[in-house]
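The values are calculated or read from the model by the stated rules, or taken from the named source; none is laboratory data. Treat the numbers as computed from the prediction; the structure is a model and nothing was measured. When we count neighbours, we look across all protein chains shown, and the Cβ atoms used for this are built from the backbone with ideal geometry, even at glycine. Protein only, heavy atoms only, side chains kept; ligands, DNA and RNA dropped before computing areas. Shrake-Rupley method; radii C 1.70, N 1.55, O 1.52, S 1.80 Å.
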Amino acid sequence: MTTTSATARRTALYERHVELGARMVEFAGWEMPVQYSGILAEHQAVRSAAGLFDLGHMGEVEFDGPDAEAFLQWTTTNDVSLLQPGQAQYSLLPNETGGVVDDIIVYRKTGDAKAYFVVVNASNRERDVAWWQELRSRRGDLDVTVTDVSDRTGMIAIQGPNAELISVKVTDAELPAIEYFTWTSATVAGVEAMIARTGYTGEDGFEFYSSYDDIAAIWDALLVAGSDDGLVPVGLGARDTLRLEARMPLYGQELGDDISPYEAGLGWAVKLDAKEFVGREPMAATKASKPKRRTVGFTTIERSGAPRTHCKVFAGDAEIGEVTSGAFSPTLQKNIGLALIQREYAGVGKPLHVEIRGKRVSAEQAKTPFYKREQ
Amino acid sequence: MTAPENRKYTKTHEWVLVDGTTAVLGITDVAQNELGDITYLELPEAGESVTSGEPFGVVESVKAASDVYSPIDGEVIERNDEAVDAPELINQSPYEKAWLVKVKLNDPSQVDALLSSSDYDTFAAEQMG
């Protein structure tokens, strides 16, 4: 069954998902697979073997020109000047009021030019590009081009302990030499691609970028290459439980226009002292005055359904915040969640109550990430 | 899977198996398939009453929580604790091992208004498209 509207966009792999028996849902205006065999089985496959993800809905934006570095320094929170050719960096696109328009990954292109390839969330693509264009128009002094290349770019990911041994079968690239948060260009399954050691699951793995038309060749080759090593296609359902166990933020839940990076636990991606950037002053003010809220992890300690986004959180009778993400953790076999709460109540081991379907359920703040792979 | 012929069905995807003045309630194969992997089940205890058209339990999958509606009025005489402890039984055996509650019926004629197995199969096929 599909629950999508007629206007939803399809990725280059849509027909393959249907043939694989995926259940398709609408997500951020795209018709995407939420599951194939089942969310639990797909989640376990990524933790124990490998999973293949269609990320064709994600947005990609290129920054070129002599002042590309200066422009990204001014419009992102992390320090772009630290990037060597072929390196990548998690960063934030700030607004002017101390919040966040999107969380992004900035890849510095190879070669001598300081040019960049930036991956953004599907749900934010249009407004990110509009914001960057607006900011560019304010800086006539900077010579930079901002190009939305999403429509001509394909993206997939392979994640899990077997990701590398499967991927080496489809490329001549020296994969073991690709360190975490670096990338290389290579021929993969006969087509030109970018291979990055990045991901959103807490496992080792790679993200592949190619032209829109070529991405299916890489997808097909990986599925065949991984058939003896437990590789299965994985939908958005397991992608969400995997990233939550690894405590990776999801824009719109842990991050938003009115949530400071310091409240979201992402202050490490904000380099206040390295440079001037849009929204720096309000972010600095939040940091200096100590953020009023903090994002904490918790597990429920009495039997209940799973906590869900927007469930209210209490300490005693006082309402102190709400759940940003929650789920039954397939790895831990218990309910886990993240909540944005008043800072004075935060602390590992401290009790909370979470209102789940009208009932206040006992919970305890927990260390995050909930899951960390063995190195 | 077609719905077993020996029971009655609802448009909210529950089944009822009647034996004299008692009934066993559960959710259909279509419902469990639509929900996906079930991770949590909440059911009333013996002695609690159920009301036609009202929720009596919660079935929760990784994706979402759904109410389970009673198609009849009555009093719970037994609940399936095995299914509460291992909710994945609902995915594996929705019509047999994962029955939910046994109910003493207030009015056995209430069941007559429910769907037959063939009517339910037709309804579910149309709804799932």
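Observations, loosely collected:
- Set B:Gly129, B:Gly26: member being at pLDDT below 95 and either exposed (fewer than 13 other Cβ atoms within 10 Å of the Cβ) or within 12 Å of the chain's Cα centre (by Cα) (or both): B:Gly129
- Candidates A:Leu244, A:Leu222, A:Leu236 - the one that is open to solvent by less than 10 Å² (accessible area, probe 1.4 Å) and either of a type in the set (Gly, Ala, Ser) or within 14 Å of chain B (Cβ to nearest Cβ) (or both): A:Leu244
- Qualifying residue in segment B:30-45 (condition: over 29 Å from A:Ser325 (Cα atoms) and of a type outside the set (D, E, K, R)): no
- Residue within segment B:36-53 that is on the phi > 0 side of the Ramachandran plot and more than 12 Å from chain A (Cβ to nearest Cβ) present: yes
- A:Ile104 being in the same structural domain as A:Arg239 (by TED's automatic domain parsing), buried (at least 17 other Cβ atoms within 10 Å of the Cβ) and closer than 30 Å to A:Val224 by Cα: no
- Residue satisfying all of: in segment A:314-334; among the aliphatic types (A, V, I, L, M) and more than 14 Å from chain B (Cβ to nearest Cβ); surrounded by the most Cβ atoms within 10 Å (Cβ to Cβ) among these: A:Ile320
- Filter result (away from every other protein chain (no Cβ under 14 Å) and either free of Cβ contacts under 8 Å to residues at least 12 places away in the same chain or surrounded by 18 or more Cβ atoms within 10 Å (Cβ to Cβ) (or both)) within segment B:90-103: B:Ser93, B:Pro94, B:Tyr95, B:Glu96, B:Ala98, B:Trp99, B:Leu100, B:Val101, B:Lys102, B:Val103
- Inter-residue pairs, beta-carbon under 9 Å, first within 11 Å of A:Ala217 (Cβ to Cβ) and in segment A:179-196, second modelled with pLDDT of 95 or more and of a type in the set (D, E, K, R), 6+ apart: A:Val188/A:Asp214; A:Ala189/A:Asp214; A:Ala189/A:Asp220; A:Gly190/A:Asp214; A:Val191/A:Asp213; A:Val191/A:Asp214; A:Glu192/A:Asp214; A:Ala193/A:Asp214
- Residue that is over 25 Å from the mean Cα position of the chain (by Cα), assigned to a loop (DSSP other than H, G, I, E, B), surrounded by 15 or more Cβ atoms within 10 Å (Cβ to Cβ) and not assigned by TED's automatic domain parsing to the domain that holds A:Pro261, where the choices are A:Gly305, A:Gly347: A:Gly305
- Entirely in segment A:28-146, the helices (runs of 4 or more DSSP H) that have 2 or more residues that are in contact (Cβ under 8 Å) with a residue 24 or more places away in the chain, more than 14 Å from chain B (Cβ to nearest Cβ) and small (Gly, Ala, Ser): A:68-75
- When A:Leu332, A:Leu352 are checked against the criterion of being part of a strand (DSSP E or B), over 30 Å from A:Arg139 (Cα atoms) and not β-branched (Val, Ile, Thr), A:Leu352 stands alone in meeting it.
- Being open to solvent by 20 Å² or more (accessible area, probe 1.4 Å), in contact with a helix residue (DSSP H, G or I) (Cβ under 9 Å, 6 or more places away or on another chain) and aromatic (Phe, Trp, Tyr) is a condition met by no residue of segment A:172-182.
- Residues that are away from chain A (no Cβ under 14 Å), out of contact with any Leu (no Cβ under 7 Å at 6 or more places or on another chain) and not hydrophobic (A, V, I, L, M, F, W, C), drawn from segment B:12-28: B:Thr12, B:Asp19, B:Gly20, B:Thr28
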